[in-house]
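The values are calculated or read from the model by the stated rules, or taken from the named source; none is laboratory data. Values in this document were obtained by computation on a predicted structure and should not be read as measured data. Positions of Cβ are backbone-derived with ideal geometry, glycine not excepted, and every protein chain shown enters the neighbour counts. Surface areas here come from the heavy atoms of the whole protein model, side chains and all, with no ligands, DNA or RNA. Shrake-Rupley method; radii C 1.70, N 1.55, O 1.52, S 1.80 Å.
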Amino acid sequence: MTSCLRPGCAGHVMATGYCDTCGHRHQEPAGGRRTGQRPEPPAPRPGAGAGAEEPPGPAPVHVVAGVGELDQHGLVLLPDVPVPEGGLVEDPRPPAGGRRCGANGCTMTIGVGYGGQPARATGRCPRCGTHYSFLPQLEKGDVVAGHYRILGCLARGGLGWIHLAEDTRADGYRVVLKGLINVHDALARRNAVEERRSLTDLHHPDIVRIITYAEHQAAGRSPTGHLVMDYIAGRSLQQLFDADDVERIFQGRPRLDHVLTYGCKILGALQYMHERGLLYCDMKPANVIHFGRAIKVIDLGAVRAIGDRASAYVYTATFAPPKEEIDSRGWHVDSDLYTVGMTLQALARGAEPARGLAPDSFRRVVDRATHREPRARFRSAAEMSRQLWEVLREFRSLQFGEQLPESSTRFRASEAGLDAGLGAIPALDHWTGRPGGEPAALDVSPPPPAQVAGALAEPVPDPEDGAALLLDTFPPDAPDRVARQWPRESRLGTPETALWLCRAYLRKGEQGEAESWLAEAETLLGERSAAYDWRIAWHRGVLHLSKAEVRQAGSCFEAVYRALPGEYVPKLALGHCAEHAADGSRGRAMRFYEAVWARDFAHTAAAFGLARGHLAAGDRDAAVHVLDDVPATSRHYDAARIAAVRVRAGLLHGRPPTPADLRDAVRRLPELRLDGGAADGGSRARLVAEVRENVLHCRPEQGWGPDFPAGELLGSGAENPLRVLLEQSFRQLAAQAGNAAEHGRLLDLAHAVRPMTTF
């Protein structure tokens with residue numbers, strides 16, 4: 001780890017080139033940054049709670065020209081915020097609205113003007129007579145602890161004036177001193193003592209460093225204690241987002257990924273505090289400083305121990321949970337997360353509008369963090385950070401076309417393509433099973449709900465459940481044996497086992513048993529907890545889908561989306577439900593599919609869903625473009641290529657393909673890896689037959705014209721040569737027939753299409 005070169009600074013240089021303590025910019029490590037590498041998940045930062053500093057050496061980043069880089073945590077490299085000029089308060093005044101007296105428990109408000117007169121900076125409490133003073137305890141030029149020379153007042157904090165000073169023993173290194181507004185205020189004194197005791201051991205790159213505690217006694221005054229902290233030369237997020245030059249700093253308005261990055265960094269700092277038994281209590285944009293390309297959480301005066309119900313609460317009402325909640329249950333981890341949600345909501349108001357589903361996903365993160373019911377909120381800062389991080393990747397994919405694949409932390413991988421037959425070569429009954437002689441139009445309908453229910457990814461068992469490891473040893477197709485062991489094996493009596501049995505019976509088609517085990521899981525969780533457990537909503541949705549109850553299934557999957565806004569699996573499920581909706585929800589389905597597909601081309605179920613949506617709108621080009629993006633490494637690569645040929649040459653809503661469509665189909669068909677003759681399936685012959693039949697049926701009266709792709713596959717485009725070729729195709733298909741009836745039907749089609757001859 002490289003130490004900071006700035007005199008007096010004990011920080012270290014991060015991979016970004018900035019000191020993690022003072023924010024001083026250092027020369028970039030040799031070798032520069034590597035681009036184009038896949039970012040790793042944010043562990044241990046952000047949101048994982050570890051206070052580890054940035055790793056040495058160049059950081060792997062992903063870059064899109066003009067829109068910023070992603071660091072090794074998958075977060076946006078923030079813009080460089082210059083050190084502000086000046087910033088000292090020339091005329092320190094009493095706080096607006098006064099303060100509570102606090103002397104011996106007195107609740108009288110002091111420092112309020114009466115009769116139109118301004119508030120007095122000094123005086124006596126009208127109720128208890130205690131003397132008070134809102135004046136700074138230090139003046140410019142004062143020296144504290146023998147070497148901190150006061151330069152002036154920076155701001156008024158929640159419990160004291162904040163002074164800027166220089167350390168005369170460290171070549172003028174600047175620090176911040178925070179003292180009490182009123183030394184007679186018992187609450188303020190107690191908070192200052194707690195701040196000194198609990199915070200000097202905090203060492204996290206995104207939390208301001210408390211250096212020491214120093215006392216100073218001015219002439220004729222009582223000793224006053226001051227916390228000595230690093231000076232963070234930057235702007236608070238509130239100042240930054242309200243500044244006239246914010247668009248110059250961000251090269252435009254701040255984006256949603258900037259807001260999400262702030263959120264992940266803040267949550268990483270809070271998780272660090274929570275793991276050490278502390279609650280922050282007063283998160284808001286004014287308490288986060290953006291300096292250089294980094295941030296620091298400052299003003300730790302409201303910090304309290306988890307479980308402390310005796311100390312008075314210090315918080316900002318507009319960012320905190322309702323007062324009634326605080327009075328009834330105190331302050332908890334989810335209360336801190338509530339303030340983060342409100343902070344992000346305030347920052348997002350200044351961000352430029354985002355496209356696609358990302359703004360909805362972000363809103364759901366905020367909604368869960370600030371839910372009126374504490375049980376519905378995130379359980380930890382790490383959990384909330386993960387969802388923010390996922391939404392950030394969704395935003396970048398939709399906004400800039402970045403592929404940012406990442407395995408789900410909540411669902412197992414599913415390899416189902418759900419192409420609804422679009423990527424399958426027609427079977428013989430495509431011809432033998434239809435009543436008339438007209439070729440069938442391209443089927444762009446979604447897969448049946450029951451098929452979707454069986455193909456959706458399964459949740460990962462909760463690792464805190466006692467049976468989580470045991471469940472992986474069960475044969476998935478033998479739920480009866482597990483159910484018989486249920487009353488005899490104590491380790492099995494958990495919600496995860498009940499949910500496993502629900503899924504196992506659903507796979508067997510025994511919906512009644514599946515319902516019973518889902519009810520058992522709810523009983524084990526308890527009614528109030530089950531009401532906000534996304535696993536229950538997920539299984540309920542799959543059950544509804546298996547019974548083709550699409551509207552009810554959609555409501556359940558929407559609840560999962562609210563709980564896990566960054567996960568892609570609930571969006572796939574909602575896309576399928578929207579496809580089946582009777583209210584014309586195709587656009588909604590496309591938004592869900594786009595959010596999944598733009599992020600990771602491995603999710604081919606989203607690709608086929610998007611293709612169906614484009615085809616429903618009559619847009620062949622857009623559908624083929626999506627299918628072409630299916631990677632060659634996908635198990636559904638061949639199905640996507642087959643679907644592209646069928647889309648180009650098919651009848652779409654009664655509209656024939658154009659010569660350009662046919663040229664593309666003819667170009668693609670030889671590239672397909674298909675079986676040849678009847679002995680090995682004859683799939684190529686069936687696809688060629690479908691293409692030739694469509695071309696003959698759609699042939700304009702005046703002919704296809706000069707743009708027709710003449711050649712061995714379709715002949716010259718003239719009617720009789722096309723009939724001859726199609727007759728040959730039907731005779732080839734007859735050789736594949738499995739019975740006499742099929743064979744005869746295909747020969748009839750061959751005779752019916754052959755050209756008329758004269759003798």
Using only the Cα atoms of segment 241-319, construct the convex hull and provide its projected area averaged over every direction, in square nanometres to one decimal.
-> 6.2
Which distance in nm do the two modelled labels at ILE306 and ALA455 give, with both placed 7 Å along the Cα-to-Cβ direction?
-> 4.3
Sites ALA735 and MET756, calculated FRET efficiency, Cβ-Cβ separation with R0 30 Å, nearest 0.05 | 0.75
A 1.4 Å probe over the protein heavy atoms gives segment 653-759 a carbon and sulfur accessible-area percentage of 52
May I ask you to order 600-613, 121-134, 465-478 by the average number of other C-beta atoms within 10 Å around their residues, highest value first?
-> 600-613, 121-134, 465-478
Cα→Cβ-extended label distance, 7 Å offset, between LEU151 and SER716, nm = 9.0
Relative to the compact-globule estimate 2.2 N^0.38 Å (N residues), the Cα gyration radius of segment 410-568 stands at a ratio of 1.24
In segment 313-380, what is the volume of the convex hull around the alpha carbon atoms, normalised per residue and reported in Å³?
-> 82
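Taking a cut-off of 20 Å, what percent of all Cα-Cα pairs in segment 574-685 are separated by more than that?
46
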Computed FRET efficiency, Cβ-Cβ of LEU524 and ARG379, R0 22 Å: what is it to the nearest 0.05?
-> 0.75
Note down the nm distance, to one decimal, between modelled labels 7 Å out along Cα→Cβ at ARG434 and at HIS131.
-> 10.0
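Could you work out how much longer the chain between ASP80 and ARG124 gets when fully extended? Use 0.36 nm per residue separation minus the Cα distance between them, nm to one decimal.
11.2 nm is the gain from fully extending ASP80 to ARG124.
Per the Kirkwood formula on distinct C-alpha pairs, the Rh of segment 439-479 is how many angstrom?
Value: 13.8 Å, from the Cα pair sum.
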Rounded to the nearest 10 Å², the accessible area of CYS153 using a 1.4 Å probe with every protein chain kept is 10
Whole-Hz Karplus couplings 3J(HN,Hα) for segment 162-171, θ = phi - 60° and coefficients 6.51, -1.76, 1.60, Gly and Pro as x, run 10, 10, 9, 9, 10, 8, 5, 8, 10, 6
Among the listed pairs LYS508/LYS571; LYS508/LYS547; LYS178/LYS265; LYS265/LYS571, give every one whose C-alpha distance is greater than 19 Å.
-> LYS508/LYS571; LYS178/LYS265; LYS265/LYS571
